[in-house]
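Notes follow once the structure below has been shown.
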Amino acid sequence: MVRLKVINRTSTFAWSPGHDLPLIATGTVAGTFDADFSNTTELDLWELNLDDHSQEGYQLKPKATINSSAR
């Protein structure tokens, strides 16, 4: 399997395979141990942009983020 894009997160994810704009949603839970020891819950939406083959496009950045202190 070839790696097309990378998302550096320890989270649960969901895939939206829409034809117009494929998205991935990732969610983290407050109080879990991750790389930055965050104590917030985050929901991130990622646009895959599979047409971008540049070095900068390999590492994805979230298009939208929602933070919450609730668990």
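Computed from the coordinates by the stated procedures, all read-outs in this text should not be read as laboratory data. If you're wondering where the values come from, they're calculated on a predicted model, not measured in any experiment. So basically every Cβ, Gly included, is an ideal-geometry build from the backbone, and we count neighbours across all protein chains shown.
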Distant-in-sequence amide H partners of LEU48 (H built 1.01 Å from N, under 5 Å): ILE24
How large is the helix-only mean residue ellipticity at 222 nm for the chain, computed as the sum of -39500 (n - 2.57) over DSSP H runs with n ≥ 4, divided by its residue count, in deg cm²/dmol to the nearest 500? -1000 deg cm²/dmol
Per residue of the stretch 20-25, what does 6.51 cos²θ - 1.76 cosθ + 1.60 with θ = phi - 60° give for ³J(HN,Hα)? Whole Hz please, x for Gly and Pro, Karplus curve as stated. 7, 8, x, 10, 10, 10
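Evaluated at 10 °C with a viscosity of 1.306 mPa s, what Stokes-Einstein diffusion coefficient in µm²/s does the stretch 12-68 have when Rh comes from the Kirkwood expression over alpha-carbon pairs? Could the numbers behind the result be given before it?
On the way: Rh = 12.6 Å.
Using the Kirkwood radius from Cα pairs, D works out to 126 µm²/s.
If packing is taken as the mean number of other Cβ atoms within 10 Å per residue, what is the order of 40-53, 14-27, highest first? Write out the running numbers ahead of the final one.
On the way: 40-53: 14.3, 14-27: 11.5.
So the peptides 40-53, 14-27, ranked by packing, come out 40-53, 14-27.
Run the dipole for the chain about the Cα centre, Lys and Arg Cβ at +1, Asp and Glu Cβ at -1, nothing else charged, and hand back the magnitude in debye, nearest 20.
On the way: 6 positive and 9 negative charges, 41 e Å.
For this selection, approximately 200 debye.
Run the numbers on the chain and let me know its relative contact order in percent, using alpha-carbon pairs under 8 Å that are six or more apart.
Numbers: 122 pairs, mean separation 22.4, N = 71.
Rounded, it is 32 percent for the chain.
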